[in-house]
Structures are given as structure tokens and as C-alpha cells.
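**Student:** Below you will find the structure I want to go over with you.
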There are 2 protein chains.
Amino acid sequence: MSSSSKPPSAWTTEPLTTLRADPGFVLAALDPDSTPGFEGGKAEGKAELVRAAEALGEVQERLFAASKGGATDAVLLVLQAMDTAGKGGIVRHVVGSVDPQGVALAAFKSPTEEELSHDFLWRIAKKVPGPGLIGVFDRSHYEDVLIARVRSLADDTEIERRFDAIVEFEAELAARGIRVVKVMLHISSDEQKARLAERLDRPDKYWKFNPGDIDERQHWPAYQEAYQKVFERTSSEAAPWHVVPANKKWYARIAVQRLLLDALTAIDPQWPAADFDVEEQKKRLAAT
Amino acid sequence: MSSSSKPPSAWTTEPLTTLRADPGFVLAALDPDSTPGFEGGKAEGKAELVRAAEALGEVQERLFAASKGGATDAVLLVLQAMDTAGKGGIVRHVVGSVDPQGVALAAFKSPTEEELSHDFLWRIAKKVPGPGLIGVFDRSHYEDVLIARVRSLADDTEIERRFDAIVEFEAELAARGIRVVKVMLHISSDEQKARLAERLDRPDKYWKFNPGDIDERQHWPAYQEAYQKVFERTSSEAAPWHVVPANKKWYARIAVQRLLLDALTAIDPQWPAADFDVEEQKKRLAAT
């Protein structure tokens with residue numbers, strides 16, 4: 001295969017198009033239990049995860065190598081979701097399959113006082129991945145138009161200003177060669193309830209539970225509306241949103257994996273040429 | 001098994017003791033082709049890598065979780081070696097098997113001008129892993145007593161001062177609950193020559209080659225002496241050196257994996273207790 005083609009897969013239609021939040025997309029109409037574009041069940045999904053990990057690792061190494069030759073391409077995976085939707089599992093099982101030296105993770109918690117003293121994109125811009133890297137945002141600047149809206153931390157005018165700033169910011173990233181892959185993991189309210197209940201049932205899961213998770217859960221409909229608005233205002237040509245049904249963890253993982261593979265394949269990074277005289281260096285080496 | 005016991009393994013003697021650079025250790029006497037303490041060959045080694053990865057992942061998650069409950073334990077893996085010895089492979093195949101959210105990588109290149117304006121430990125101290133993390137140093141403060149010695153970047157008095165500073169620094173880390181696992185990957189000069197030759201033969205490996213690697217190679221005996229001195233001066237009770245024969249990549253990987261597993265098992269991290277009333281939270285959840 002040519003270096004820009006993708007390996008065959010079990011996908012019948014591509015998540016890149018099937019899951020994109022195009023104009024007219026309605027979050028409430030997407031079934032969180034569904035598995036769009038993938039024919040098989042859990043067993044086939046797990047096999048796909050392993051299979052595609054090899055392809056992802058190969059193209060990630062080329063992305064990393066290309067940057068040593070001066071290429072500036074990078075990928076930024078933005079992960080947003082309600083609590084328990086599986087962001088951590090994506091990082092562990094999808095991102096975790098490639099060389100950690102090529103990954104830059106950033107988890108955004110509640111902003112610090114210093115961060116609050118700057119514009120909301122200040123702390124974000126500092127974590128944009130450098131050349132050759134796959135950056136991952138575990139939560140992001142979208143919290144500033146989601147929780148900020150639901151909890152009235154900013155008024156409508158400010159939220160609108162932020163939407164515009166986000167679209168501009170992401171367009172700049174794209175222009176710099178950073179492919180922005182925006183993913184919302186979409187679970188149902190019932191599924192979240194079951195997952196929170198499990199965290200309260202298992203002492204080895206207590207550490208993942210925070211009473212504040214239930215506070216946020218009580219605003220479920222408002223969050224769904226806020227996400228809908230986010231897709232309408234910020235799904236751009238340069239940085240479209242993809243909404244991934246995530247009640248089935250195995251599906252969410254292979255879908256995000258495929259989106260990442262798409263982004264890397266589109267970059268089609270090349271091994272850099274030698275910036276030294278190969279024959280001369282062979283002679284030098286032979287003489288040692 | 002109790003949470004502090006290690007799973008059964010294919011090791012006949014533990015790398016933790018077999019490979020430790022105790023007083024009297026002589027680098028020149030250790031065969032880089034050998035596989036101390038491991039009975040099998042490459043196939044058994046690869047199986048061991050997969051098997052032990054599960055144990056490592058489990059205890060790493062507990063280390064991470066424990067920090068959320070206030071524990072301050074962490075692990076710092078210091079990797080030193082001649083070029084091509086396989087540091088990158090250790091990061092990819094050993095460290096890369098655990099959750100990337102629990103890993104903090106730091107690669108130390110030639111110091112910048114700003115770094116040079118500070119004491120040599122200044123840039124190092126900033127990268128010490130926080131609670132719950134496995135930190136990995138790809139090269140380290142040891143460059144300041146290795147290349148610095150071989151290339152006469154510092155005089156003997158300064159090198160001696162640095163040895164003392166390192167021992168003190170690492171003892172402080174240990175006192176803070178950071179287990180320091182120091183590993184030198186030991187290859188032969190012939191093996192390095194073969195690996196460099198491969199990088200010059202394969203266009204997909206050119207990016208890993210640097211003509212400077214041959215310059216350093218020409219100082220091979222001086223580097224071996226410098227490493228010997230490092231072991232004698234800095235292998236302490238708090239932070240002993242382990243020298244891992246690394247001509248066989250599969251062996252080096254499982255040996256370092258086992259050393260990491262030992263460090264984590266010795267910490268024996270515990271799932272933190274709930275810092276909330278579990279029954280109360282169950283009721284709150286049920287009411288949503």
C-alpha cells in the first residue's frame with residue numbers, strides 16, 4: 001500500500017463522515033447505544049482495536065520522525081464528555097498504544113487563580129502540541145462555554161465572544177499544520193448513573209468518585225443543550241466536531257482510534273531525508 | 001495473592017539483586033550478551049514482557065489512585081546508556097504499557113544557555129515526578145559527570161563536587177517517597193557499530209542518526225571508565241545502580257520492567273479510602 005492509504009478495516013462507513021456534527025446535527029437524536037458504521041460486536045471491536053493500533057503506531061512514528069526533518073505537522077485530540085463517559089479509557093487504550101515519547105497529554109481542571117486572571121485561552125495555548133506530537137486535551141477550552149454556561153459563570157455575551165475566539169483560535173492551529181480532532185463522547189443519563197453506582201460499589205473505584213459529579217449530573221439537560229450549542233457554533237471546516245456514541249466503551253475506543261488514524265493518514269508524514277552524507281558517515285563508522 | 005506479593009515469573013534470580021552495581025562491581029566484566037537470571041530465550045522473553053505488563057499496569061493504577069488519597073509515593077526511572085543501547089525501546093515497550101496518564105517523561109538534551117547559567121541539578125529538579133507518577137529520565141544529571149568528564153567540560157574537582165551533590169539529591173528524593181531506579185543499558189562496542197550501521201542502511205532510520213554519535217563512539221573506552229566511576233561514587237543504598245546487559249533488546253526490556261515492578265511492589269500502594277459518605281452518596285445518586 002502507498003504510505004497515504006489506510007489499511008483495510010471492519011468499518012463499513014467511516015467515523016470521519018458518519019459521526020461528524022455537520023449543520024443540522026441533533027445530539028438528542030443520536031442513540032448513545034448505537035455503533036454507527038461498525039458491523040461487529042464487542043469481540044470484533046476488541047480485535048479491531050488491536051489491529052488498528054499497529055497502523056496507528058506506524059504512522060505516529062513517521063509523524064514524529066518527520067518533525068526531526070523540519071515538518072511542523074501535529075495532531076490535537078480534544079476530548080469532551082459528561083463524567084464517566086470514558087475519556088480516561090480513550091487515553092489508556094487508544095493513545096496509550098503509541099510511543100509515549102510522541103504524545104503530549106494535558107488535563108484541564110478548574111482554572112487556578114492565575115489562570116483566571118488571563119483570558120480563557122491563555123492556559124490552553126501553552127499546551128498546544130509541538131511539531132511531530134499527538135497532543136491530547138482531557139477537557140479543554142470547551143469547559144469555558146459548557147460549565148460556564150450551565151453554571152452561569154459567564155453571561156451570554158461573553159459566551160458568544162468565546163465561541164468566536166475558539167473558532168478563530170482553532171483555525172489558526174489548523175493553519176499552522178495542527179490537525180484538530182474534536183470528540184464528544186456521548187453517553188446516556190442512565191449509563192452515567194450505572195457507572196457512578198459502580199464507583200460507589202467498589203472500594204477500588206472510590207478514588208474516581210467525587211460528590212460534585214452528582215451535582216453536575218443534576219444539570220444533565222442543560223449540559224446536553226450546551227453541547228448542542230457548542231456543535232452549532234464551533235464545528236468548523238478547519239476543526240469539525242465528532243460525536244461518538246459511548247455507552248459501549250469498545251465502540252467509542254475504535255471510533256476515536258479511527259479518527260486519529262484518519263488525521264495522521266491525511267497528514268501523510270514522510271521519513272525525513274538524511275541531513276548528512278550517508279556514504280561519508282558509513283566510511284567514518286567503518287573506521288571506528 | 002496479597003497486594004504486596006509479585007506474580008510468579010520466569011526469573012530464576014531477581015534482577016533487583018543480580019544486576020545491582022554493588023561495591024566491587026566491574027563493568028568490563030559484565031557480558032553485554034548475557035541474560036542473567038532468565039532461563040528462556042527471545043520467545044520466552046517476549047511472553048514475559050506481555051505477562052508482566054498486566055501486573056505493572058495494575059500496581060501503577062494503585063500508585064496513581066493512592067496519590068489522590070494523599071500518598072506522596074512516586075517512582076523515578078533514570079535511563080543512561082551509550083547511543084543506540086535501547087533507551088527509546090524501554091520507554092516504548094515497558095513504560096508504554098502502563099496508562100500514559102500516570103507517566104511523566106523527560107528527555108535531557110544538551111543544556112540550553114539558561115540551563116547552563118544554573119547549577120546542573122536545576123533543570124533536573126524541575127522534572128522530578130509528582131505524587132502517584134512514574135517519572136522517566138531519558139538521560140539525566142549523569143550526563144554532567146559522564147560527557148562532562150570524557151569531554152573535559154568540567155575539571156576533576158567539579159566532577160567530584162557533582163558526585164556528592166547527586167548522592168545528596170537522590171537521598172532527598174528517596175526521603176520524600178520517590179523510589180529512584182537507576183539503570184544503565186550495557187551494550188558492546190560491536191553491537192553499537194552494527195546498530196549505527198543499520199541506521200545508515202535504512203532510510204526510515206536516518207532520522208535517528210547523528211554524525212555526532214560517531215564522535216562520541218570514538219571515546220568508547222573513556223565512557224566505560226566514566227560509567228565505572230559513576231557506579232562507584234553514586235550507587236547508594238537509597239538509589240542503587242542496576243546495569244542491564246542490553247545486546248539482546250528483549251532481555252533489557254524485561255529486566256527493566258522487573259525493576260520497575262519491584263519498585264512499585266515495594267511501595268505497595270493502596271486504594272485510598274472514600275473521603276465522602278458512601279451511603280449518603282448512593283442515596284443522592286438514586287434520587288437523580
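The values are calculated or read from the model by the stated rules, or taken from the named source; none is laboratory data. It should be emphasised that the depicted structure is a prediction, and the values quoted were computed from it without experimental measurement. All Cβ positions, glycine included, derive from the backbone under ideal geometry; neighbour counts span all protein chains shown. For the accessible areas, the whole protein counts, side chains as well, though only heavy atoms, and no ligand, DNA or RNA atoms are used. Shrake-Rupley method; radii C 1.70, N 1.55, O 1.52, S 1.80 Å.
**Student:** I need the helices of chain A that pass two filters: whole DSSP H segments spanning 24 Å or more by Cα along the axis, and mean Kyte-Doolittle score no lower than -0.5. All intermediate terms of the calculation are to be shown ahead of the outcome.
**Tutor:** On the way: long enough: A:42-68 (39 Å, -0.30); A:156-175 (29 Å, -0.22); A:249-267 (28 Å, 0.67).
Long hydrophobic helices here: A:42-68, A:156-175, A:249-267.
**Student:** Now for a different question. Just from its helices, what would the mean residue ellipticity at 222 nm be for the protein assembly as shown, if runs of 4 or more DSSP H residues each count -39500 (n - 2.57) and the sum is divided by every residue, rounded to the nearest 500 deg cm²/dmol? It would help to have the intermediate numbers written out before the result.
**Tutor:** Details: 24 runs with 274 residues, N = 576.
Mean residue ellipticity, 222 nm, calculated: -14500 deg cm²/dmol.
**Student:** Specify, for chain B, the residue whose C-beta is closest to the rotation axis mapping it onto chain A, with the distance given in whole Å.
**Tutor:** B:Pro100, 3
**Student:** Name the trypsin sites (Lys or Arg not before Pro) in segment B:79-164 that are in a loop by DSSP and that have at most 14 other C-beta atoms within 10 Å, would you? The partial results should precede the final answer.
**Tutor:** Working: sites: B:Lys87, B:Arg92, B:Lys109, B:Arg123, B:Lys126, B:Lys127, B:Arg139, B:Arg149, B:Arg151, B:Arg161, B:Arg162; in loops: B:Lys109, B:Lys126, B:Lys127, B:Arg139, B:Arg151.
Answer in residue order: B:Lys109, B:Lys126, B:Arg151.
**Student:** To the nearest 100 Å², how much accessible surface do chains B and A cover up together, summed over both, with a 1.4 Å probe? Walk me through the intermediate numbers first.
**Tutor:** On the way: alone 14600 and 14620 Å², together 25300 Å².
Heavy-atom accessible area buried at this interface is about 3900 Å².
**Student:** What chymotrypsin sites (Phe, Trp or Tyr not before Pro) in segment A:181-288 are in a loop by DSSP, with at most 16 other Cβ atoms within 10 Å of the Cβ? Working shown, then result.
**Tutor:** Numbers: sites: A:Tyr206, A:Trp207, A:Phe209, A:Tyr223, A:Tyr227, A:Phe231, A:Trp241, A:Trp250, A:Tyr251, A:Phe276; in loops: A:Phe209, A:Phe276.
Qualifying residues, ordered by number: A:Phe276.
**Student:** Under a cut-off of 25 Å between alpha-carbon atoms, report the lysines in cross-link reach of A:Lys205, not counting same-chain residues fewer than 8 places apart.
**Tutor:** A:Lys42, A:Lys46, A:Lys87, A:Lys109, A:Lys193, A:Lys248, A:Lys249, B:Lys6, B:Lys68, B:Lys282, B:Lys283
**Student:** Let me ask another. Using the alpha carbons of segment A:139-288, what is the convex hull volume per residue in cubic angstrom, as a whole number?
**Tutor:** It is 202 Å³ per residue.
**Student:** Averaged over A:199-211, how many beta carbons belonging to a partner chain fall within 10 Å of each residue's beta carbon?
**Tutor:** Taking the mean over all residues of the peptide, I get 6.
**Student:** Provide, in order from the shortest bin, the percent of all Cα-Cα pairs of segment A:15-286 in each 10 Å bin, continuing until the bin that contains the maximum pair distance.
**Tutor:** Calculated P(r), rounded to whole percents: 6, 28, 34, 21, 6, 3, 1, 0.
**Student:** Below 12 angstrom from the Cβ of B:His219, what's the summed charge of the other residues (Lys, Arg +1; Asp, Glu -1)?
**Tutor:** Values: positive: B:Arg149, B:Arg151, B:Arg217; negative: B:Asp83, B:Asp213, B:Asp215, B:Glu216, B:Glu225.
Summing Lys and Arg as +1 and Asp and Glu as -1 gives -2.
**Student:** Any idea what the A:Leu116 label distances to the other copies are, label 7 Å down the Cα→Cβ vector, nm, shortest first?
**Tutor:** In nanometres, ordered from closest: 4.3.
**Student:** Between B:Lys68 and the same site in the other copies, what are the distances in nm, shortest first, taking label points 7 Å from Cα along the C-beta direction?
**Tutor:** In nanometres, ordered from closest: 3.7.
**Student:** Considering only protein heavy atoms and a 1.4 Å probe, what is the carbon-and-sulfur percentage of the accessible area of segment A:139-254? Please report the intermediate quantities before stating the final value.
**Tutor:** Values: 2190 of 4850 Å².
About 45 percent, which is the carbon plus sulfur part of the accessible surface.
**Student:** Going Cα to Cα from B:Lys126, which aspartates and glutamates come in below 12 Å? Please leave out same-chain ones fewer than 8 positions away.
**Tutor:** Within reach: B:Glu115.
**Student:** Assuming 0.36 nm per residue, please report the length gained on full extension of the stretch B:Ser9 to B:Asp268 beyond their Cα-Cα distance.
**Tutor:** On the way: separation 259, 0.36 × 259 = 93.24 nm, distance 1.84 nm.
Between B:Ser9 and B:Asp268, full extension yields an extra 91.4 nm.
**Student:** So, with +1 on the Cβ of K and R and -1 on the Cβ of D and E, and no other charges, what is the size of the charge dipole of chain B about its Cα centre, to the nearest 20 debye? It would help to have the intermediate numbers written out before the result.
**Tutor:** On the way: 37 positive and 45 negative charges, 177 e Å.
Once rounded to the nearest 20, the dipole reads 860 debye.
**Student:** Taking only protein heavy atoms into account and a 1.4 Å probe, give the accessible area per residue of segment B:15-283 in Å². Kindly include the intermediate steps, with their values, before the conclusion.
**Tutor:** Working: 11440 Å² over 269 residues.
Each residue of segment B:15-283 exposes 43 Å² on average to a 1.4 Å probe.
**Student:** While we're on this one: How about segment B:212-288: which GluC sites (Glu not before Pro) there lie in a loop by DSSP and see at most 14 other Cβ atoms within 10 Å? Before the final figure, lay out the partial values.
**Tutor:** Numbers: sites: B:Glu216, B:Glu225, B:Glu232, B:Glu237, B:Glu279, B:Glu280; in loops: B:Glu237.
Here the GluC sites (Glu not before Pro) that fit, given the DSSP loop and packing criteria, are B:Glu237.
**Student:** Kindly give the distances from A:Glu44 to its copy-mates, label point to label point, with each label point 7 Å from Cα along Cα→Cβ, as nm values to one decimal ordered shortest first.
**Tutor:** The answer, with the shortest distance listed first, is 4.1 nm.
**Student:** What residues does segment B:94-109 have that are buried by at least 50 Å² of accessible area in the full protein assembly compared to the chain on its own, 1.4 angstrom probe?
**Tutor:** B:Pro100, B:Gln101
**Student:** What residues of segment A:261-288 lose no less than 30 Å² of accessible area with every protein chain in place versus their chain by itself (probe 1.4 Å, heavy atoms only)?
**Tutor:** By number: A:Trp271, A:Pro272, A:Phe276, A:Val278, A:Gln281, A:Lys282, A:Arg284, A:Leu285, A:Thr288.
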